[in-house]
1. Mind counting the residues in region 82-101 that are hydroxyl-bearing (Ser, Thr, Tyr) and either touching a residue at least 40 places away in the same chain (Cβ under 8 Å) or touching a Cys at 6+ places or on another chain (Cβ under 7 Å) (or both)?
2. Just checking, how many residues over region 18-35 are surrounded by fewer than 17 Cβ atoms within 10 Å (Cβ to Cβ) and over 12 Å from residue 6 (Cα atoms)?
3. Would you please name the residue that is surrounded by the fewest Cβ atoms within 10 Å (Cβ to Cβ), looking only at residues in region 36-67 that are under 24 Å from residue 94 (Cβ atoms) and hydroxyl-bearing (Ser, Thr, Tyr)?
4. Working only within region 52-97, note down all residues that are out of contact with any Phe, Trp or Tyr (no Cβ under 7 Å at 6 or more places or on another chain), among the hydrophobic types (A, V, I, L, M, F, W, C) and farther than 16 Å from residue 29 by Cβ.
5. Considering only region 48-101, state which residues are polar (S, T, N, Q) and within 16 Å of the chain's Cα centre (by Cα).
6. Restricting to region 1-31, give me the number of residues that are closer than 16 Å to residue 94 by Cβ, at pLDDT below 95 and not polar (S, T, N, Q).
Amino acid sequence: METTIKIFLRTDNTNIDGSNMLYLLFTSKRKLKKISLGINVKAKDWDANKTKVKKSDIGYLRKNKYLRAYHEKAQKIIDKYFFEDIPLSVNEFERNFKNNS
């Protein structure tokens with residue numbers, strides 16, 4: 001069972017200010033789930049290779065901190081299910097990821 005996570009900039013829906021929303025893409029058993037992270041970045045300020053906001057964005061430190069936290073949270077969910085040998089569906093992942101407790 002291959003389970004992956006990736007953070008990407010959704011460029012098909014641009015805001016009035018020219019920014020785009022960052023999403024977390026969760027893939028499991030060839031099923032995909034895109035979850036909005038609530039972070040807007042202009043395409044010129046996004047480094048897709050490093051999955052980081054560039055220094056040219058005024059709030060890059062805060063945004064990158066959130067991105068690391070979201071990535072770690074997603075990885076912890078995947079690891080928990082992996083080590084407990086429980087299958088992780090896209091719906092189960094989304095429920096766990098959006099849970100604030």
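The values are calculated or read from the model by the stated rules, or taken from the named source; none is laboratory data. Computed from a prediction, not measured in an experiment: that's the story for all the values here. FYI the Cβ positions are ideal-geometry reconstructions off the backbone, even for glycines, and counts take in every protein chain you see.
1. Final tally of qualifying residues: 1.
2. Here the count works out to 4.
3. 36
4. Residues satisfying the conditions are 58, 61, 67, 69, 83, 97.
5. 49, 51, 64, 75, 91, 96, 99, 100
6. So the answer is 2.
Results for (1) farther than 22 Å from residue 99 by Cβ; (2) in contact (Cβ under 8 Å) with a residue 60 or more places away in the chain, shown as yes or no for each residue.
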| position | (1), (2) |
| --- | --- |
| 7 | no, yes |
| 46 | yes, no |
| 57 | yes, no |
| 64 | yes, no |
| 69 | no, no |
